[in-house]
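The values are calculated or read from the model by the stated rules, or taken from the named source; none is laboratory data. Since we're looking at a predicted model, the values are computed, not measured. Reconstructed Cβ throughout: ideal geometry from the backbone, glycine too, with neighbour counts over all protein chains shown.
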Amino acid sequence: MSRLFRDIAGDPLCADGSVVCIGAFDGLHLGHQALVRQAVARAHVLGVPVVALSFEPLPREFFAADAPPPRLGPVRAKVEGLRALGVDVVGLLRFDARMAAMTPDAFVEQVLVQRLRAREVWVGPGFRFGHRRAGDIVTLHALGETAGFVAGEIVPLVLDGERVSSTRIRAALVAGDFAAAAALLGRPYAVSGRVVHGQRLGRTLGYPTANLRFGGRVPALRGIYATRVRGVEDLTGSAAPWPSVSSFGTRPTVGGVEPLLEAHLFDFDGDLYGRRIEVEFVARLRDEEKFSDLSALVAQMDRDAAQARRLLGPPPESARTRAAPPQAAQRQGFA
């Protein structure tokens with residue numbers, strides 16, 4: 001089982017050495033995956049653990065605290081994705097004023113050498129680090145020669161003539177182009193998390209929802225979507241994802257503030273509180289908007305649900321035989 005650490009200071013985590021890859025890893029797209037797989041392959045050759053090193057908050061969030069840039073996924077999804085790729089140790093270093101002021105030399109000595117005993121360090125194209133982004137791959141090469149590690153930079157991963165990047169994925173999501181986002185991610189865009197209690201307003205409106213928080217980060221998309229939910233298969237008797245309509249935003253009609261993902265599973269009866277689910281985005285229906293009253297909101301929700309049903313089709317046949325009437329769904333498992 002892989003380990004997670006947050007601090008620079010402490011005893012060496014990899015006493016016999018390690019192979020380290022460094023990146024934001026937001027969304028863990030195909031470019032990130034190529035970087036991690038390179039590090040994993042080299043670690044297997046050397047017989048040492050592989051470490052994926054990132055920061056929380058991300059540097060760009062720290063420097064733009066009043067208007068943080070959007071995230072592709074919550075922190076937990078990043079950690080789980082890195083572990084699934086074979087990473088042994090995940091570092092989410094606390095990026096604060098002290099970290100921002102750290103010189104490239106100090107970062108290499110304290111983190112890569114003392115903490116991780118790095119034997120190889122791998123980064124993506126254009127990597128910069130240290131105070132005022134003073135360090136780059138050339139810096140890593142030079143410091144590595146003295147410290148005893150080798151530094152490498154993977155070649156850019158290009159798709160359709162452009163480099164794969166989180167920026168491209170965010171733009172695709174904003175445009176509702178989920179096919180393009182999936183091509184860059186190597187999988188459909190989805191948000192996962194544990195279902196939490198909400199205000200229970202959806203239940204009173206006839207649209208109970210399974211609610212996921214986004215870890216206090218700004219999501220990369222906002223609006224109303226046709227979605228599919230995974231993680232309910234044992235309750236439905238079907239391996240297929242469950243069709244749903246979802247709202248991702250702050251719920252301005254009811255005075256919401258925190259971004260929340262609310263998924264209404266069609267014709268579903270079951271208790272989802274505390275369960276980990278994954279909401280896959282299929283199509284964008286409309287922007288989030290503020291309505292004059294709850295009646296106007298419900299009328300629009302009716303139209304949204306009808307449109308999503310047409311796009312997604314009905315729940316799996318085997319599961320629909322177990323589905324309860326709508327009033328039962330309003331009683332159980334949703335906020």
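Remarks
- Criterion: more than 30 Å from residue 249 (Cβ to Cβ) and touching a helix residue (DSSP H, G or I) at 6+ places or on another chain (Cβ under 6 Å) - qualifying residue of 45, 50: 50
- Filtered residues of the range 41-67 (kept if surrounded by 17 or more Cβ atoms within 10 Å (Cβ to Cβ), of a type in the set (A, V, I, L, M, F, W, C) and under 20 Å from residue 121 (Cα atoms)): 43, 48, 50, 51, 52, 53, 55, 58
- Scan of the range 203-259 for residues that are of a type in the set (A, V, I, L, M, F, W, C) and closer than 17 Å to residue 297 by Cβ, ordered by number: 205, 224, 245, 248, 254
- Within the range 247-271, the set of residues being part of a helix (DSSP H, G or I) and of a type in the set (S, T, N, Q) comprises just one member, 253.
- Just one of the listed residues (217, 230, 251) is basic (Lys, Arg) and under 19 Å from residue 311 (Cα atoms), and it is 230.
- Boolean, residue 12 is touching a strand residue (DSSP E or B) at 6+ places or on another chain (Cβ under 7 Å) and not small (Gly, Ala, Ser): no
- Residue list for the range 235-264, restricted to those being touching a residue at least 60 places away in the same chain (Cβ under 8 Å) and under 22 Å from residue 197 (Cα atoms): 236, 242, 243, 244, 245, 260, 261, 262, 264
- Filter pass, residue 318 being more than 31 Å from the chain's Cα centre (by Cα) and at pLDDT 85 or above: no
- Test result for residue 176, at positive phi and out of contact with any helix residue (DSSP H, G or I) (no Cβ under 9 Å at 6 or more places or on another chain): yes
- Residue tally, condition of a type in the set (Val, Ile, Thr) and under 13 Å from residue 55 (Cα atoms), over the range 87-140: 2
- The range 1-118 holds strands (runs of 3 or more DSSP E) entirely within its bounds, and those carrying 3 or more residues that are at pLDDT 95 or above map to 18-22, 50-56, 89-94.
- The residues on offer are 158, 123, 138, and the sole one that is touching an Asp or Glu at 6+ places or on another chain (Cβ under 6 Å) and at pLDDT 95 or above is 123.
- Qualifying residue in the range 111-122 (condition: in the same structural domain as residue 11 (by TED's automatic domain parsing), surrounded by fewer than 18 Cβ atoms within 10 Å (Cβ to Cβ), touching a Lys or Arg at 6+ places or on another chain (Cβ under 7 Å) and in contact (Cβ under 8 Å) with a residue 40 or more places away in the chain): no
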